[in-house]
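Working notes for the structure below.
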Amino acid sequence: YGLESDFIVLAEEIGVMSQLGYKILELGCQILADWQQRGIPLPLSGNLSGGQVQQRNFLPELRSLLSRYKINPGQLVLEITETARIDDLDRALLLLSELRAVGVSIELDDFGLGYSGLEYLNRLRTLPIDVIKIDRSFVSVLPQDEVMVNIVASIGRAMNIQLVAEGVETEEQRQWLLKENIQLGQGYLFSAPLSKTDFERKFCQPS
């Protein structure tokens, strides 16, 4: 996780995040197009950096990719971290609203680690975010320390936003989350990271 964050920061600092982000987004659209043709009804999630959400050409490029690969926008999920370095929050929120209007799902990652003041929450309340991801640092201490998960979950429920728990590693954590009606999770309890081929072999075979 740390190496991933450092890589994104470095890519932004040397000015290649725009080109790199476009190539990754195009690869994601290619995968989704392949899945749609094969009847695999799964969404695909990818991260947006703080720099990407401030690029004026991001939305036109995304629309072009969706059209070229004939992607159902509802199958694409874009994640923006609360801790992303965003200089112009108003512009970022406008772009996320426009992405949602296109039909793309929006997830807020690392919620609670960044700038969740009252003014931030007031702006967030007006944005049609689909999912808040509960950070793994809060999930890792369950069930001994429930405070932060309960706070984030309460905020998400008050805004009628779906919750996903990150970093679920034990059955005890899973059972606690289910008891609190947090029914979606990701982590090593379910699977280690997989290549596309291994993922399809494990999860996309006909029943």
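The values are calculated or read from the model by the stated rules, or taken from the named source; none is laboratory data. All figures in this text were calculated on a predicted structure; none of them were measured in a lab. Backbone-built Cβ (ideal geometry, glycine too); neighbour counts: all protein chains shown. Accessible surface areas use protein heavy atoms only, side chains included; no ligands, DNA or RNA. Shrake-Rupley method; radii C 1.70, N 1.55, O 1.52, S 1.80 Å.
If R0 is 25 Å, the Cβ-Cβ spacing of Ser191 and Asn47 corresponds to a FRET efficiency of close to 0.85.
For Lys70, the lysines whose Cα falls under 22 Å of its own Cα, not counting residues fewer than eight places away in the same chain, are Lys23, Lys196.
Ordered by solvent-accessible area of protein heavy atoms (1.4 Å probe), largest first, the residues Lys133, Lys179 come out as Lys179, Lys133.
When the residues Ser49, Ser140, Ser97 are ordered by accessible surface, computed with a 1.4 Å probe over the protein chains alone, the sequence from largest down reads Ser140, Ser97, Ser49. Taken per residue, the accessible surface of the stretch 7-64 reaches 55 Å², heavy atoms only and a 1.4 Å probe.
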